[in-house]
Every structure is written in structure tokens, then in C-alpha cells.
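All remarks here apply to the structure that follows.
The values are calculated or read from the model by the stated rules, or taken from the named source; none is laboratory data. Not measured: the values here are computed from a predicted model. Neighbour counts run over all protein chains shown; Cβ positions are idealised from the backbone, glycine included.
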Amino acid sequence: MPATLTREQHLELYYFLRLNRELEEQMVRLFRQNKILGGLYSSHGQEAISVGCAYALGPGDWIAPMIRNIGALLVRGFKPREVLTQHMARFDSPTRGKDGTSHFGDLKVRHVVAPTSVLGDLIPVMTGVAMAGRYLGQNIVTMTWIGDGGTSTGAFHEGLNLAASQKAPLVLIVENNQWAYSTPVERQVPLRNLVDRAKAYGMESAIVDGNDVVAVVRAAKDAVARARAGKGPVLIEAKTMRMEGHAQHDSADYVPKKMRDLWKQRDPLDRYEKYLTQNKLWDAKTKKEIDARIAAELRADVEFAENSPAPPAELAALGVYCEGCHTVDAVWNRPEEDLQPPKSSVQAEWRMASTDAPAPALRNAKPAPSVHSGNTGVKSKSRGKSKSAGKSSQRRPGVKAGC
Amino acid sequence: METTYLEAIRQALFEEMERDPTVLLMGEDVGVYGGAFKVSAGLLERFGWERVIDTPISETGIVGAAVGMGYAGLRPVVEMQFIDFIACCFNQLTNIAAKSHYLWGAPVPIVVRGPCGGGVHGGPFHSANPEMYFVHTPGLKVVCPATAYDAKGMLKSAIRDNNPVLFFEHKFLYRRIKEDLPQGDFTVPLGKALVRRQGRDLTIVSYAAMLHTSLEAAAQLEKEGIETEVIDLRTLLPLDRETILASIARTNKLLVVHEDTRTGGIAGEIAAMVTESAFEDLDGPIRRVTSLDTPVPYAESLEQYFRPDVAKVVAAARELAHY
């Protein structure tokens, strides 16, 4: 079973899962001390999906997490202090206190697009990153997550349809945690498996036990490989359970006790620890070492975050526009000349090979027209006068009947 | 050779795509068909399928993808077939494109362009002037050119800008106005208004198609001995306050003319700005001539009643001049 992962990788997965869990437990304590502003959203019970999916990617690949995918941020190289300062709205946070929760990113190094609170909208965005990566010859895959609730948005549909029609190298993880806030999945979607939605877009798809990190890594790696090979986007439904309320304020009384108890038995960390022991991938000493490392790391980062100052008030007025403070850089992995005329010139005509061939084929390249746009065939008209109203009508009806 | 407003836009697209391989065009029917108004005719033949992308009917999908391309270092231009449909991607523009630099330092170098405005019997879903929804959104830039020169020069500036720019092309102007354009590359800066006509009796501030209506009105007023200064805003966001205030200091009277509806139109913002900053310069009430607070109606008689025209502008300006 562990054929594709080395022992070190298995231990690294444990490290991220445990770090994810401990970091969030630390944040609950800070929340209760009123040191975290606004809401706090837990991924308790869902860590294997954040960690396992992000773990399947290469360093050049891109992700756009959701608010609960803190584990994915950790795998991409963000440190607990960045997550902590961000939640605590401190000056050292990645957004300098301008946004909270896990709403932060890093375009150039870790390739993380910041989540927003509007669900579904990152699917088209990551489709665009995937299209750009292909255009630039980067051979990258993009990944984003959506909850069961978010699969009902228009952006979900538009994004997947666009991704599929463009064959964009996108992997979408549908993190089915059974609840959209207080609404159970069966009251949102008339499907037993959300993965069935992929069929409508002509996409490859898979279901995975989202509380089994090894299974998640395997499914995600497979999806990433397919997307990277140019086979189009892939949807993975990871079944799991949100073990806390929507956020800290929500006691989630609407969740049946039986259901919660059942999923408690499936805790991803407990299961993975057993798996490591059964497969003799570690011993008590190794676990103790990793746990101690995490505890020390968190201690230092909590201290760092608590000592970080509040952002200066005037910062609120700055940074609305990019005035040269950031650069827009395309990383080309193919010759730019490839894309400049006349090499790419084609005849603008669809050719249907046969009625059952859905993809359009291109005719052979023809000589391009002159660059000069004076010659593009649209003639200008002289300045026209609009006909004045009422001239053509003989009778002027009364205006009283306006409604 | 004289170049139309529409042709100027196409030239800008051609030349920017020639200059910079990170510039792409995306939209509904922009490739094979060349766009509903033929703005992108010839681009597919020149630049190929990877750079001129025909998309499904998915404004949210298209603009979202453009934002993602921008993150990855490209400079996509998105066409809305009619600008009315920009309502479909309101969230992508206002929640993602507009906020991303402020929040996490991620520039969104995209242009969303498309035909706006009435006067062509487009009816309530093909004639809108939705600029003010976006002028109310910090992080966006909103551009409304009135001439072929500006259309070309400002589209080039918009493409080279690191921020999301909404580029409103007034479809009444597409083939109705033309001018000689200089050879070679030129740009027109965003955020700078221009005094199109000088006068000392009052200032008319306008933009897009209504600039031409205002200039015609100014020519008529001249015959009555009223000298009208006419300012072309060109960019609504960021607004060039200095040019407006400098003109008010000379003429002491202000009339704002726009085709957008009245309540919440840019005239209200300009009036507030002028009374805050130059109350002492004013010798009369700030007046506005705008469209009615209704959807754009279809029938010719209704639409003409709805929109400002030369006679309405002349009447308001005359009254203000004599105030």
C-alpha cells in the first residue's frame, strides 16, 4: 500500500496533519481569549483533505484554498505564525491586517491564490491560472476546493464548464462535509454523490474517503497526473464530516448526535496513526519527537503573533491600486516567438470532422492578412443622424397610461 | 486616413497584441465571428486560437478566468458582448478583481471592455450605462472614451495598467465618429480629463456620447453669445478633480451632462466634490442633464424622451448662464 510514498513522506504527512490540528486548537484558545477577531472556522475532521490534496502537487503548481484548508497552506510552505497573525489581525500578517481568517496568498513563490468568502468563484479563477500556465508552457496543474454547499453556485457551473471546454489542467476537490452551515447535503442537492455533477461537464472524476489521508494523496496524485497530461480537468469528491459548527459561534445542534459519534470513529488523525503503527512506519519515539517539534514551533509562533503590533491606522487608506509597487511577470517556458505572428496564424473557420466529433479542428495555416488594421474589412460610415422620434407616428397617444 | 472609434479600438488591440505576447483576448464570439460589433475582426487570423479565445456564454467564468490569467502574469482583455451583461460578473469584478491588490498585494492586470449606451434602439438589455456600479468600487478603474484618439490611446494604457480597468465603448460612436490618428504608438493616460472647448460663462462636464451632444449644444449657445467650456472626463474612476475645479474657478457655473440615469450618476459625486472644495467659486446652482431614472426604453419616441439631447442641454445651459 505505501508503495508510492516513502517513510519520510509518510512522516511528513503526519507532521502536517498534526500541525494543522494543533494549530487550530491553539487558535480556539486564542479565540476564547478574544485575541482572534471575527469568526474562526474549524477544519477539525477534514485535515486529511487539505493536507493530502496539497501534498500531491509539485512546487510549480497552484492552489486556491477555501477558508478551512489551513492544512493546504501549511503544505505550501506558510508557517503557523502567518496563519496566527492573520487571524489576529496583526501588522506582521500576510495582509497586514487588511483581511482575516485564511484569506491570504502568495502569487510568486508559493503560488497560492487567496480565498474569498464568495463560494465557487475561485473555480473560474483557477481555470484561468491553468489556461495561462498552459499558454506559457509551464506544464502546471491548478487545484481548488469547494464544499458541498458551493457546488450549487453559478460560478461552480460556469467555472467547470469553461475548464472542461478548454481542457484546462484543473483539479477540483469537492469537500463534502455534509453540511452547508446548517443545511444538510440532501436538502441542497438531489444526488447521492456530488461527483455525479462531473458527468455533466464531460469531466473525469473520482470519490475518495476524505478521512483517509493515504487514499486522498493517491486519488489527488492520480487526478493531478491526468490533468498534467492534458486530459482536462478532474473532479474529486472527498467524503468527510464537519466536526464543529460552521464557525465558533455555532454549536451545531442541528447535527444528529448519532452522526457525529459515527464520524468521531473515523477521525483522520487517529486512523493515520494506527496506519503508521500497523505498517511499522514509526514508533512511539518518532511520534514523540514530531509532536514535540510541533509544540515548540507553535509556542514560538504564538509568542511571535502575540507580540506583533496592530497595523497603523493610516494603512487603511493605502494599496487600493497597484502603482508600480508590484510587477506583473509571466514566466515563459516556451519560446515567445511561438506565439507571435505569423506562426500561430490560422484560418478563422470551424471545421467539423464529423457530427460526433465534439472538438473543432483547425484548417491549415494560411497567410496572415496585413498587420495594419486599416485593412480589416469594416468600413466606417459617415456620421449619421438619428431619426427624430414621433415623425413616423401620426397619432400621439396619451401618456397617462404609463403603468 | 480617417479612423473610426471602432477601428481605433481594434488598432489598439492589434498593436498591443503585436507588442506583448502576454496580451490575450477572450469573450463570446470574439474569434471566428470577430465580435458582435466586429471590433476584433481579423485578430484570430493574426494571433491564433491561443490568444483569441471564443468562450461559452459565461461572464462569471470568463472574467474569473481573466483574473486567474492576470495572477499568472498575463494581460487578458475580455469582451462583454454588450456591457449590460457585465451584471453577470459583478461579483468577480467587485469582490475579487477590485479587492485583491488591496488585500494581498496581487495585481489584476485585466481589461473588461464592451459596448455601452443607447441611441441605437437596443432596448433595455442592450443600451445600459452601468459605469456607476463600478465607480463605487475602489480598486477598479473606469474609462469612457469619447473620441477615436482617446479610444485607442486609453485602451493601450488600460492594457498596460496593472489594475482591473473597465473600458466602456459607446456603441453610438463606433462608426459615427472618426478622425485622423497619428502614425505609430501613442497612449493617453488614465485619470486625466480634458478641456475640449474653452469658454468663460459656464462649464459643462460630460463624457462618452454625451460629450458630442454637449459640444453641439455649446456651438448653438455660442450663437446666443454664451461661451461654454466643455470638459471631457474620459476617466470616471479615478476622477480628475483638478481639471474640473480649475474650470469652475474660471466660469463659476457647472452643468453636468450624462447619459447614465440621474440618481447615483457621476453628476451627484461631482456636485458634492465641487461644493465641498469650491463653494466660493460658484455663482449658481449646479445643474445636471441626465437620462431619466428608468430602464432604457425601446421605442424611438420613448428612448429620445429618456436620453439627454442637444435641446435639453442647451435649455439647461442657457438657464444656468442667465442665472
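Return the only residue of B:R234, B:R241 being over 24 Å from B:P115 (Cα atoms) and more than 14 Å from chain A (Cβ to nearest Cβ).
Numbers: B:R234 fails: over 24 Å from B:P115 (Cα atoms).
Step by step, each of B:R234, B:R241 is checked, and only B:R241 is over 24 Å from B:P115 (Cα atoms) and more than 14 Å from chain A (Cβ to nearest Cβ).
In segment A:95-102, is there at least one residue being crowded, with 24+ Cβ neighbours inside 10 Å, part of a loop (DSSP other than H, G, I, E, B), on the phi < 0 side of the Ramachandran plot and of a type outside the set (D, E)?
To start, the set of residues in segment A:95-102 that are crowded, with 24+ Cβ neighbours inside 10 Å comprises A:102.
Keeping just the survivors that are part of a loop (DSSP other than H, G, I, E, B) gives A:102.
Next, from what is left, pick out any that are on the phi < 0 side of the Ramachandran plot: A:102.
Subsequent filtering for residues that are of a type outside the set (D, E) retains A:102.
Scanning segment A:95-102 turns up at least one residue that is crowded, with 24+ Cβ neighbours inside 10 Å, part of a loop (DSSP other than H, G, I, E, B), on the phi < 0 side of the Ramachandran plot and of a type outside the set (D, E).
Where residues in segment A:128-143 are in contact with a helix residue (DSSP H, G or I) (Cβ under 6 Å, 6 or more places away or on another chain) and in a loop (DSSP other than H, G, I, E, B), which of them is surrounded by the fewest Cβ atoms within 10 Å (Cβ to Cβ)?
Out of the qualifying residues, it is A:I140.
Looking only at residues in segment B:164-200 that are part of a loop (DSSP other than H, G, I, E, B) and buried (at least 22 other Cβ atoms within 10 Å of the Cβ), which one is farthest from the other protein chains (Cβ to nearest Cβ)?
Step one: list which residues in segment B:164-200 are part of a loop (DSSP other than H, G, I, E, B), which gives B:164, B:171-177, B:181-193, B:198-200.
Filter once more, keeping what is buried (at least 22 other Cβ atoms within 10 Å of the Cβ): B:164, B:171-174, B:176-177, B:190.
Numbers: B:P164: 10, B:K171: 13, B:F172: 8, B:L173: 10, B:Y174: 9, B:R176: 5, B:I177: 7, B:L190: 10 Å.
Looking at the filtered set, the residue picked out is B:K171.
Based on what the data block shows, is A:V125 surrounded by 24 or more Cβ atoms within 10 Å (Cβ to Cβ), in contact (Cβ under 8 Å) with a residue 40 or more places away in the chain and not in a strand (DSSP E or B)? Give the derivation first.
On the way: surrounded by 24 or more Cβ atoms within 10 Å (Cβ to Cβ): yes; in contact (Cβ under 8 Å) with a residue 40 or more places away in the chain: yes; not in a strand (DSSP E or B): yes.
So A:V125 passes the test.
Of the residues B:V142, B:V52, B:V111, which single one is within 30 Å of A:D338 (Cα to Cα) and more than 10 Å from chain A (Cβ to nearest Cβ)?
On the way: B:V142 fails: within 30 Å of A:D338 (Cα to Cα); B:V52 fails: more than 10 Å from chain A (Cβ to nearest Cβ).
The match here is B:V111.
Per-residue answers, yes or no, for (1) more than 24 Å from A:P233 (Cα to Cα); (2) in contact with a strand residue (DSSP E or B) (Cβ under 8 Å, 6 or more places away or on another chain); (3) within 11 Å of chain B (Cβ to nearest Cβ):
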{"site": "A:R76", "(1), (2), (3)": "no, yes, no"}
{"site": "A:P80", "(1), (2), (3)": "yes, no, no"}
{"site": "A:K108", "(1), (2), (3)": "no, no, yes"}
{"site": "A:A130", "(1), (2), (3)": "no, yes, yes"}
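Just give me the residues in segment B:36-49 being part of a loop (DSSP other than H, G, I, E, B) and more than 7 Å from chain A (Cβ to nearest Cβ), in sequence order.
Of everything in segment B:36-49, those that are part of a loop (DSSP other than H, G, I, E, B) and more than 7 Å from chain A (Cβ to nearest Cβ) turn out to be B:A36, B:F37, B:V39, B:S40.
What about B:V108, is it assigned to a loop (DSSP other than H, G, I, E, B), crowded, with 21+ Cβ neighbours inside 10 Å, in contact with a Phe, Trp or Tyr (Cβ under 9 Å, 6 or more places away or on another chain) and β-branched (V, I, T)?
Numbers: assigned to a loop (DSSP other than H, G, I, E, B): yes; crowded, with 21+ Cβ neighbours inside 10 Å: yes; in contact with a Phe, Trp or Tyr (Cβ under 9 Å, 6 or more places away or on another chain): yes; β-branched (V, I, T): yes.
In short, yes.
A quick yes/no check of all residues on (1) crowded, with 24+ Cβ neighbours inside 10 Å; (2) touching a Pro at 6+ places or on another chain (Cβ under 8 Å):
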| position | (1), (2) |
| --- | --- |
| B:V52 | yes, no |
| B:I57 | no, no |
| B:G61 | yes, yes |
| B:G64 | yes, yes |
| B:G70 | yes, yes |
| B:G73 | no, no |
| B:I83 | yes, yes |
| B:Q92 | yes, yes |
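Here is a list of conditions, (1) modelled with pLDDT of 95 or more; (2) assigned to a loop (DSSP other than H, G, I, E, B); (3) surrounded by 12 or more Cβ atoms within 10 Å (Cβ to Cβ), and A:D222 meets all of them except one; can you say which number that is?
Status for A:D222: all satisfied but (2).
Can you tell me how many residues in segment A:176-206 are hydrophobic (A, V, I, L, M, F, W, C) and either in contact with a Pro (Cβ under 7 Å, 6 or more places away or on another chain) or closer than 16 Å to A:Q46 by Cβ (or both)? Full working, then the answer.
Applying the first criterion (hydrophobic (A, V, I, L, M, F, W, C)) to segment A:176-206 yields A:179-180, A:185, A:189, A:191, A:194-195, A:198, A:200, A:203, A:206.
Filter once more, keeping what is either in contact with a Pro (Cβ under 7 Å, 6 or more places away or on another chain) or closer than 16 Å to A:Q46 by Cβ (or both): A:179-180, A:185, A:194, A:203.
Residues that pass the stated criteria total 5.
In segment A:134-170, what count of residues is obtained for those that are among the small types (G, A, S) and over 15 Å from the mean Cα position of the chain (by Cα)? Explain how you work it out, then say what you get.
Here is the first cut: in segment A:134-170, the ones among the small types (G, A, S) are A:137, A:147, A:149-150, A:152, A:154-155, A:159, A:163-165, A:168.
Imposing the further condition that a residue be over 15 Å from the mean Cα position of the chain (by Cα) reduces the set to A:137, A:152, A:154, A:164-165.
The qualifying residues number 5.
In segment B:254-267, is there at least one residue being buried (at least 18 other Cβ atoms within 10 Å of the Cβ), out of contact with any helix residue (DSSP H, G or I) (no Cβ under 7 Å at 6 or more places or on another chain) and of a type outside the set (K, R)? Give the steps one after another, and end with the answer.
Pass one, segment B:254-267, residues buried (at least 18 other Cβ atoms within 10 Å of the Cβ): B:254-261, B:265-267.
Next cut, out of contact with any helix residue (DSSP H, G or I) (no Cβ under 7 Å at 6 or more places or on another chain) only: B:261, B:267.
In the following step, the residues that additionally are of a type outside the set (K, R) were identified as B:261, B:267.
Yes, because at least one residue in segment B:254-267 is buried (at least 18 other Cβ atoms within 10 Å of the Cβ), out of contact with any helix residue (DSSP H, G or I) (no Cβ under 7 Å at 6 or more places or on another chain) and of a type outside the set (K, R).
Could you say which residue among B:A87, B:A151, B:A146 is outside the structural domain of B:P238 (by TED's automatic domain parsing), crowded, with 24+ Cβ neighbours inside 10 Å, among the aliphatic types (A, V, I, L, M) and part of a helix (DSSP H, G or I)?
Values: B:A87 fails: crowded, with 24+ Cβ neighbours inside 10 Å; B:A146 fails: part of a helix (DSSP H, G or I).
Every option except B:A151 fails the conditions.
Of everything in segment A:57-78, what is over 22 Å from A:E297 (Cβ atoms), touching a helix residue (DSSP H, G or I) at 6+ places or on another chain (Cβ under 7 Å) and surrounded by fewer than 24 Cβ atoms within 10 Å (Cβ to Cβ)? Give them in sequence order.
A:L57
Please go through segment B:155-191 and give me each residue that is closer than 18 Å to B:V23 by Cβ, among the charged types (D, E, K, R) and in contact (Cβ under 8 Å) with a residue 60 or more places away in the chain, ordered by number.
B:K156, B:R160, B:E169, B:D185
Just a yes or no: is a residue in segment B:66-83 more than 17 Å from the chain's Cα centre (by Cα), more than 26 Å from A:W62 (Cα to Cα) and not basic (K, R)? Before you say what the answer is, go through the steps one by one.
Applying the first criterion (more than 17 Å from the chain's Cα centre (by Cα)) to segment B:66-83 yields B:66-76.
Now narrow it down to the ones that are more than 26 Å from A:W62 (Cα to Cα): none.
No, the conditions are met nowhere in segment B:66-83.
Scan segment B:287-310 residue by residue and report those that are without any contact (Cβ under 8 Å) to a residue 40 or more places away in the chain and farther than 15 Å from B:G264 by Cα.
Quick first cut of segment B:287-310, residues without any contact (Cβ under 8 Å) to a residue 40 or more places away in the chain only: B:287-290, B:292-294, B:299, B:301-302, B:304-305.
Residues satisfying the conditions are B:A299, B:S301, B:L302, B:Q304, B:Y305.
Name the residues in segment B:10-25 that are at the interface with chain A (Cβ under 7 Å from one of its Cβ atoms) and part of a loop (DSSP other than H, G, I, E, B), would you?
Looking only at segment B:10-25, we keep the residues that are at the interface with chain A (Cβ under 7 Å from one of its Cβ atoms), and these are B:10-11, B:14, B:18, B:21-22.
Passing the criteria: B:P21, B:T22.
Which of the residues that make up segment A:228-281 are assigned to a loop (DSSP other than H, G, I, E, B) and loosely packed, with under 12 Cβ neighbours inside 10 Å? Even if it seems obvious, please write down each step before you answer.
First pass over segment A:228-281, keeping only residues assigned to a loop (DSSP other than H, G, I, E, B): A:229-233, A:240-256, A:265-267, A:279-281.
Across segment A:228-281, the qualifying residues are A:A229, A:G230, A:H249, A:S251, A:D253, A:P256, A:Q265, A:K280.
Test B:E28 against the stated conditions and say whether it is at the interface with chain A (Cβ under 7 Å from one of its Cβ atoms) and out of contact with any helix residue (DSSP H, G or I) (no Cβ under 7 Å at 6 or more places or on another chain). Let's see the steps before the verdict.
Values: at the interface with chain A (Cβ under 7 Å from one of its Cβ atoms): no; out of contact with any helix residue (DSSP H, G or I) (no Cβ under 7 Å at 6 or more places or on another chain): yes.
So B:E28 does not fit the description; no.
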